[in-house]
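One structure is given here, and the rest of the page talks about it.
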Amino acid sequence: MTGIDVSPGAIEVSRDRGVEDARECDVADVVETFSSDTFDTVLMLGRNFGLVGTADCAPEILDGLATITTDDGQIIASTADPRAIDDPYHREYHSYNEDRGRLPGALRMRSRYKTHATDWFDYLLAAPETMDNLLAETVWSRAETWTGENGQYVALLAKK
């Protein structure tokens, strides 16, 4: 198994917990880190389909994942439909995004722990239709979907 993360601390913890091939790498940089056809499957669990960032950069990131996967490679990706989140603060933020011409589930965030913080980064919660629109410009299509509670779902992405 191979794992990637942008955090050196996360890489250290991963190695301590048994991930032999843990690499400091952003998902946007996988083509520079891995050879073509390296993987059969890419897991983007924990809502990590959101790491595609924005509608503008998603196709390039997804193309990079296509490059490092085999011809019959697949992505198992989880995310959440932002329209299904029933919190008034979240709904207000989603409306604010739409008023500015952004996708409703577009987020700009960073992680903090005590005195440690990541750089700011874009993250995207994508409704199934939004995911399909993002995939339309790529070799990927949503082949299967498993739905959970509160709009959460996991999609199997296969090459067309």
I need to check one value: relative contact order of segment 18-160, counting alpha carbon pairs closer than 8 Å and at least 6 residues apart, in percent.
28 percent
Along the charge dipole of the chain, Cβ charges K/R +1 and D/E -1, which of S36, A127, M109 sits furthest on the positive end?
M109
Between segment 113-146 and segment 1-74, what is the separation of their alpha carbon centroids in Å?
13 Å
For Y153, Y113, which order do you get if you count the other beta carbons within 10 Å of each Cβ and list the fewest first?
Y113, Y153
Pseudo-spin-label distance A84 to D26, built 7 Å along Cα→Cβ, given in nm, is 3.0 nm
Between Rg and the Kirkwood Rh of segment 35-159, both from Cα atoms, what is the Rg to Rh ratio?
0.99
Sites matching GluC sites (Glu not before Pro) across segment 63-160 that sit in DSSP coil, with at most 12 neighbouring C-beta atoms within 10 Å:
E149
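FYI, it's all coordinate maths here, none of it is from the lab. Model, not experiment: these values are computed from the prediction. Every residue, glycine among them, receives a Cβ derived from its backbone with ideal geometry; neighbour counts consider all protein chains shown.
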